[in-house]
Structure formats: structure tokens, C-alpha cells
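The values are calculated or read from the model by the stated rules, or taken from the named source; none is laboratory data. A quick note: this is a predicted structure, and the numbers were derived from the prediction, not measured. Glycine gets a Cβ as well: all are built from the backbone with ideal geometry, and neighbour counts include every protein chain shown. We work out accessible area using only protein heavy atoms, side chains counted, and drop any ligands, DNA or RNA first. Shrake-Rupley method; radii C 1.70, N 1.55, O 1.52, S 1.80 Å.
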Amino acid sequence: MGFENFGTVSFTAEAKVADFITYLEQGKVMATRCPKCGVSYFPPKADCPSCLSGEVEWFEVKGKGKLATYTIVNYGPSGFEDDAPYILALGEFEGGIQILARLSKDIAPNDIKAGMSLVVSSVKRPDGRIAYEFKKG
Amino acid sequence: MADVAIVSAGQSVFTRSCGESIRELAFEAFKEALEGLDITTGDIDASIICSAPEYDKQRSPAGLISEYLELTPKPSFYVETVCSSSSTGLRVAWSLVKSGLHKMVAVIGFQKMSELSSRDAAERMGRGADIIWESPFGLTMPAGYAMYAQAHMDKYGTTEEHLAKVRVKNSHYGATNPKATYRKELSLEDILNSEVITSPLKKFDCCANADGSSCIIVARGDVAKGITDKPIWIVGLGAATDTMTMAGRELLTGLKCAQEAARQAYKMARLKPQDIDVAEVHDCFTVSEILAYEDLGFAKPGEGVGLIEDKETYADGTIPVNVDGGLLSKGHPIGATGGSQIRTIVRQLRGEATEAQVKGAEIGLVHNIGGIGQYGNVTILRR
Ligand SMILES: CC(C)(COP(=O)(O)OP(=O)(O)OC[C@H]1O[C@@H](n2cnc3c(N)ncnc32)[C@H](O)[C@@H]1OP(=O)(O)O)[C@@H](O)C(=O)NCCC(=O)NCCS
Ligand SMILES: [Zn+2]
């Protein structure tokens, strides 16, 4: 399986990092790391341009992150109108990993604060599509 | 003395809906650029066509436009960095002339956005982000800049009112610009009361989609001097690219691509921010102009709002910015925008900016950004 069911609208399916979706189905949000260079990647990359290795390894993004910034989107582009309003956020996690995702609907807009503690987890939508989102950590 | 100059710059009227084809739209800017010059299409050695794809159906627009403008059989090709395509075009034109390959090059930017609804246009722009990892969440251009705005507010205490003041200024100048889509002055209340598009940005914090074209004629110094007694010299060029993903951004309170492009351009021109007499910056959103003040060194990080509070970026201030109304008033026909900014600076440096002339302007700067702070371009011009 590839990215065809990822997010609200997916625009392409195939990628060497499609294992990400298999892990996501198991409830895990994964990043990759080049074992030679030690660099970690989110979004995951299948290749390391520094050492040209394609032998990257997967690891799970665990633990608490911090909300770096966010926006409440009222104006959804075509294909996303029915989701609006939705909240896009950037979360900072250990090891310099930063992730763009939506904030869970469980978080009330008034409770959102820069620096608040977050966790990232997979989320299955009622229509069967899959993504990851931030919840209060 | 630098040896590549702009001999002429033109643009169409920017409008919500031009009611013509892209080739005819391109002609309008071309006509304004060539009018009154003692040159013909045969003198143009190459044309660089700049736009972002997928707003209209034409593929490979360079061929179409070069045929319509009768620039065949001279080389013509397409350059794209979304919203900064025509600044990138100018950079390429400079290299073609500087290398000796060509004597005169036309940089033609265009965009016809009215064939799409605003929501469809937002979807296209959303695919100007990473389509595997970020577009599927519903990331849009305004949403990306809104995240920068929120981070700036959280770190420096910038307010929605500060942002609105940028639009107040730009609408003031837009009202005098016959090429602008919106020629109405807006009050602080108008802006603060407009609907929230993506917090903290409201409708009037956003530029509007538009149709428009621009055309810059670039030539070797000696050739330029033979054509015009007011050549405008390209003295500084800077360009940098940040990550496409928001996840990869190291800074959320400024645009690294703009900071780096500015550093390069100042270095090449041997000039400092204080030397700039007039600037055009990429105010696709009000917050973008505040970020630009800081990224260009007109203010220290976090202190950009001081410039708008003290009206220092008005035409009679210490560093006039966007005194043609900016993208916020003119509208933002993606591929045409950079050329329109360059045209404004050319007119300012020639003392021909009838709308709001900055007295004695000698050195001007253009800051043009593609995508959500992705492609940074800074150009310094001198009379
Ligand atoms: C803000 C935005 C969502 C508004 O949506 P829209 O559907 O185009 O506008 P609406 O239909 O709601 O507004 C209709 C009226 O509001 C006014 N209006 C809308 N946007 C305006 C603006 N930015 N400035 C002034 N007036 C504006 C006009 O009177 C307009 O009427 P018109 O179409 O006859 O000119 C849209 O302009 C937008 O997406 N802007 C951002 C574009 C962008 O991201 N560009 C790339 C930047 S890097
Ligand atoms: Zn490596």
C-alpha cells in the first residue's frame, strides 16, 4: 500500500518510503535515519544524499513535543472545504524533528498556546483515510 | 560600473478578470515596455517566459507567447519559481547578457488566474507544497504565512493591528495606482473586521488572485546606453531556496531564503540596508511585509512593526516600501508580480513614478518570494 489513502486528499501514491503507511496503520509515526551519517529525517527519506546510502533505518517518533506555531484554517481549498475549520500546526520533537500535522479536534481553540506539550499519533478517519495528528501531551 | 541594465519595464493593468487570452495579456506588458523605444522585436535576442503552471490549460507557454510577440526564431524558454518566477527570469537574463551570449533579453511574466475559482486556485497553490507529506493536510499559502505570523506574534508581541496597518498603508498607495486591482483606501476597522481566512490573517491581510503581465527588457550596458538615456543598472542579485516542507524550516519568525538572498545582493552591490532609497517587497500577506523589513535589515528581528507604527515605510519616511500599493492592492498574478515590482523601482529611479515618487531615489531594492517563504530573490537596482 502507498499514500493513496493518506490525509484528506492525496495527490500521489507511490514512494520507496511507503512502509511509513504500513507502520501508521499499526499506530506508529515513523521517521528515518541514515545509520552511516546519523542524520534523522522527517518527513522520512529513503535516501541519504550526503553518503549516497539507500540503507536508511526506521525509528518511531516518540515522547512529547512542543507546539511551535499553528493556524486555524477557515478557508479550505477545493477538496478540503468540508474539513474547515481545521487547525494546522508545527510540532517540535526530540532530535530536531519537526512535523506538520493537524491539531486534534479535542483541543479547544482557546486552549492552544505556543509551547504547549504535544504527542503525535495516527488517526483513522470515518471515511477510512489515515493520517497523523497532534494531541495534548 | 555594472554592465547589465534594464532599458525598459512594462506591465498590464492587474485585474480580477482580464477577459482575454494569455498571449494577448502578455502583449499588453510587452507593448508598454517597447513603446517609445527605438527597437523592434528583431533586436530581442531571447525571451524568458515566467509563470506558474496549471492556472490555465496551455502547456509550454514560452512557445505560444514568443510566436504571438513575433520573437521567433530567437530562443525562448520557461522559468518558474511560482510567485517569484519573473525575478528568477531577471536573474537568468542578467546571466545571459553578462556571459556575452546575448545582447538583449526580454523577461515576460504572466498569470491568468480568473479561469479558476479562488478555491481551485488555493488547491493549486496548496500543491506548491510537498504533495506527499504536507498538501494532504490542507496546507495553503495563506495558512503557511499565518503560521509565520502566529510565531512572530508569540515571540515578539506583534498584533493583528500591526499587521492591519501594513494594509492601511498599501491601500493608501494602491488607490493612486492605475494598474492596481484594488484602488480603494481601507481603514483599520475595515481590515480588522474582515472575515478570518486562516488565523490570524483576515481577508484584507491577503493579496487577491489576479490576471496580469509584466515585461522587463534587459541589455548589455553599451547597448542600453544607445537605447535610453536613463538605463537602470542591475547592481545586486541574490537568490536562495529554503525547504519545501514546513517541517524542514529552522526559523519561523523570518524567511531564511530572503535573509540569504539579501546578504548576497548587498554584498554584490557593496551596499547596506541604509543605502536603499525605496523598496518593493513581497507583501502577499500583511505579515510578509513585516518579515521583509526584518529580513532585509531595515529593522532588527522583532522590530519590524516599529517601522509601520512610525510610518517610516510611507513615501516620506526613512525607507519607503510598496508605495505602489504592493501585491495587497495590485493583486498577485503569480508570474507577473516580480516584473511589476521591478517596473515600480525602475519608474522610481527614473523619477517617473507619478503616483507616489520618492524624492531623489537613486538606489532601489526588489524582494520577491516564491511559495511559502521558499524561493527568496532580492535584486538591487541603481540609476
Ligand atoms: C483571501 C481569499 C481567500 C479571498 O477569496 P475570494 O474568493 O477570492 O474573494 P471573495 O469572493 O470572498 O471576495 C469577493 C470580494 O471581496 C473583495 N476582496 C477579496 N479579496 C480582497 C483583497 N485581498 N483585497 C481587497 N478586496 C478583496 C473584493 O471586493 C472581491 O470582489 P471582486 O471579486 O469583485 O473583486 C483569496 O483572495 C486568496 O486566496 N488570497 C490569497 C492568494 C494567495 O495565496 N496567493 C499566493 C500568495 S504567496
Ligand atoms: Zn548518510
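Could you report region A:1-104's accessible area per residue, 1.4 Å probe, as an integer in Å²? Walk me through the numbers before you get to the answer.
On the way: 4680 Å² over 104 residues.
Ligands and nucleic acids excluded, the figure is 45 Å² per residue.
Please state the charge dipole magnitude for chain B, taken about the Cα centre, from unit charges on C-beta atoms (+1 on K and R, -1 on D and E), reported in debye and rounded to the nearest 20.
640
Expressed as a fraction of 2.2 N^0.38 Å, the rule-of-thumb size for a compact globular protein of N residues, what is the C-alpha radius of gyration of region A:3-136?
It is 1.10.
Would you compute the Debye intensity of region B:15-158 from its alpha-carbon atoms alone, equal scatterers and no solvent, and pass along log10 I(q)/I(0) at q = 0.21 Å⁻¹ to two decimals?
So the normalised log intensities are -1.27.
Per residue of A:126-133, count partner chain C-beta atoms within 10 Å of its C-beta, then hand back the mean as an integer.
Numbers: counts 0, 0, 0, 1, 0, 2, 1, 1.
Taking the mean over all residues of the peptide, I get 1.
With loop defined by DSSP as not H, G, I, E or B, and exposure as at most 14 other Cβ atoms within 10 Å, which is the longest segment of chain A clear of exposed GluC sites (Glu not before Pro)?
Looking at chain A, A:56-137 is the longest stretch - no exposed GluC sites (Glu not before Pro) with at most 14 other Cβ atoms within 10 Å.
Calculate the spin-label point distance for B:GLU362 paired with B:THR159, positioning each point 7 Å from the Cα along the beta-carbon direction, and give it in nanometres.
With each label point 7 Å from Cα toward Cβ, the separation is 4.0 nm.
Nearest 100 Å², what total accessible surface is buried between chain A and chain B (probe 1.4 Å)?
3100
Distance check, please: which entries in A:LYS28/B:LYS155; B:LYS272/B:LYS330; B:LYS169/B:LYS256; A:LYS28/A:LYS66 exceed 22 angstrom between their Cα atoms?
Pairs exceeding the cut-off: A:LYS28/B:LYS155; B:LYS272/B:LYS330; B:LYS169/B:LYS256.
Could you look at chain A and say what percent of its accessible area is carbon and sulfur, using a 1.4 Å probe and all protein chains?
48
With θ set to phi - 60° and the Karplus curve 6.51 cos²θ - 1.76 cosθ + 1.60, what are the ³J(HN,Hα) couplings of region B:327-332 in order, to the nearest whole Hz, using x for Gly and Pro?
Computed from phi, the couplings for region B:327-332 are 4, 4, 9, 6, x, 10 Hz.
For A:TYR23 paired with A:SER122, estimate the spin-label separation in nm (one decimal), with each label point 7 Å from Cα along the Cα-to-Cβ line.
The two pseudo-label positions are separated by 1.1 nm.
Within 10 Å of each Cβ of B:147-154, how many other protein chain Cβ atoms are there on average?
For peptide B:147-154, the averaged partner shielding equals 5.
Using just the helices of chain B, give the 222 nm mean residue ellipticity in deg cm²/dmol: DSSP H runs with n ≥ 4 each add -39,500 (n - 2.57), and the total is spread over all residues, rounded to 500.
Helix contribution divided over all residues of chain B: -10500 deg cm²/dmol.
Across the residues of B:292-303, average count of Cβ atoms on other protein chains within 10 Å? If you can, show how the numbers build up before the last one.
Details: counts 0, 0, 0, 0, 0, 0, 0, 0, 0, 0, 0, 0.
That average works out to 0.
Just to confirm my numbers, what's the Cα centroid distance between region B:145-204 and region A:69-113 in Å?
Cα centres, region B:145-204 to region A:69-113: 22 Å.
Cα to Cα, under 18 Å, and not fewer than 8 places away if on the same chain: which aspartates and glutamates meet these conditions relative to A:LYS36?
Qualifying aspartates and glutamates at Cα under 18 Å: A:ASP47, A:GLU55, A:GLU57.
With the crude spin-label approximation of a point 7 Å out along Cα→Cβ, what separation in nm comes out for B:GLU24 versus B:GLN58?
Label at B:GLU24, label at B:GLN58, 1.2 nm between them.
Any idea what the alpha-carbon Rg over 2.2 N^0.38 Å comes to for the protein assembly as shown?
Working: Rg = 23.1 Å, N = 520, 2.2 N^0.38 = 23.7 Å.
Computed over Cα atoms of the protein assembly as shown, the ratio equals 0.97.
Are there chymotrypsin sites (Phe, Trp or Tyr not before Pro) in region B:66-155 that DSSP marks as loop and that have at most 13 other Cβ atoms within 10 Å, and which are they?
Nothing satisfies the criteria.
Provide, as a two-decimal number, the C-alpha radius of gyration of chain B over 2.2 N^0.38 Å, N being how many residues it has.
Its radius of gyration relative to the 2.2 N^0.38 Å reference: 0.90.
A 23 angstrom limit on the alpha carbon distance is what I want to check against. Which of B:LYS74/B:LYS267; B:LYS179/B:LYS203; B:LYS103/B:LYS359 exceed it?
As for pairs spanning more than 23 Å Cα to Cα, those are B:LYS74/B:LYS267; B:LYS103/B:LYS359.
Tell me the mean residue ellipticity at 222 nm calculated for chain A from its helices only (DSSP H runs of n ≥ 4, each -39500 (n - 2.57), averaged over every residue, nearest 500).
Details: 1 runs with 7 residues, N = 137.
Only helices count here, giving -1500 deg cm²/dmol.
Mind checking region B:30-61 for trypsin sites (Lys or Arg not before Pro) that DSSP puts in a loop (not H, G, I, E or B) and that have at most 11 other Cβ atoms within 10 Å? Could you put the intermediate results ahead of the total?
Values: sites: B:LYS31, B:LYS57, B:ARG59; in loops: B:LYS57, B:ARG59.
Taking region B:30-61 and a limit of 11 other Cβ atoms within 10 Å, the loop trypsin sites (Lys or Arg not before Pro) found are B:LYS57, B:ARG59.
Give the accessible area for B:THR159 in Å² (nearest 10); use a 1.4 Å probe, count only protein heavy atoms, and leave out ligands, DNA and RNA.
Here the accessible area works out near 50 Å².
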